[in-house]
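The structure under discussion appears below in the form of structure tokens.
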């Protein structure tokens, strides 16, 4: 019986300690006020919605006709967006998902991309050209012709209800244009 009382007392001490640490922990992790969304985060939130358009390849040996595409972008809190993109690519269903955000400490846009046709995770980093309004993201991805990881980039031009995304493989003057995605926001019927 005495052993049971010691175990119970020990459990109570551990539970109270855990609750105390849990209560103090947020103050230790966030000694200041919670971060607020920046203008860059607010800009990213403008992409939230349903988009429809075309994906057109421009690589040698690929069909050059655009295929119908759809993308749904949702907010993940005030700092991140998630994207789910689908189309039929060369007669096969293509599906991909990404995250986009902005890191005010790095002063860089950040993103990730995965899809059902590649085993590689693309980790992107980029900047917005204030003058042109173009967002350029850089990352490494598989070169479909060689199978090797190669520098890639994409350049997004965003309008109020449309966007164009141009993809390139390689760097600088050697970069080859590989694909264009042109999308329009699907307007909700009232």
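The selection criterion, being more than 16 Å from the chain's Cα centre (by Cα), surrounded by fewer than 16 Cβ atoms within 10 Å (Cβ to Cβ) and under 19 Å from residue 47 (Cβ atoms), holds for residue 133.
Scanning the stretch 143-153 turns up one or more residues that are surrounded by 13 or more Cβ atoms within 10 Å (Cβ to Cβ), touching a residue at least 40 places away in the same chain (Cβ under 8 Å) and under 24 Å from residue 70 (Cβ atoms).
Against the conditions (1) crowded, with 16+ Cβ neighbours inside 10 Å; (2) closer than 26 Å to residue 64 by Cα; (3) at pLDDT 95 or above, residue 178 satisfies every one except (3).
Given the condition in the same structural domain as residue 50 (by TED's automatic domain parsing), more than 18 Å from residue 45 (Cβ to Cβ) and surrounded by 14 or more Cβ atoms within 10 Å (Cβ to Cβ), answer yes or no: does some residue in the stretch 99-107 qualify? Steps first, please.
Just the residues of the stretch 99-107 that are in the same structural domain as residue 50 (by TED's automatic domain parsing), to begin with: 99-107.
Subset that is more than 18 Å from residue 45 (Cβ to Cβ): 105-107.
Those left that are additionally surrounded by 14 or more Cβ atoms within 10 Å (Cβ to Cβ): none.
Taking every residue of the stretch 99-107 in turn, none turns out to be in the same structural domain as residue 50 (by TED's automatic domain parsing), more than 18 Å from residue 45 (Cβ to Cβ) and surrounded by 14 or more Cβ atoms within 10 Å (Cβ to Cβ).
Taking the stretch 24-51, which residues are modelled with pLDDT under 90 and not in a loop (DSSP other than H, G, I, E, B)? Hits for the stretch 24-51 are 24, 25, 26, 27, 28, 29.
The values are calculated or read from the model by the stated rules, or taken from the named source; none is laboratory data. The structure displayed is predicted, hence computed values, not measured ones. Glycine gets a Cβ as well: all are built from the backbone with ideal geometry, and neighbour counts include every protein chain shown.
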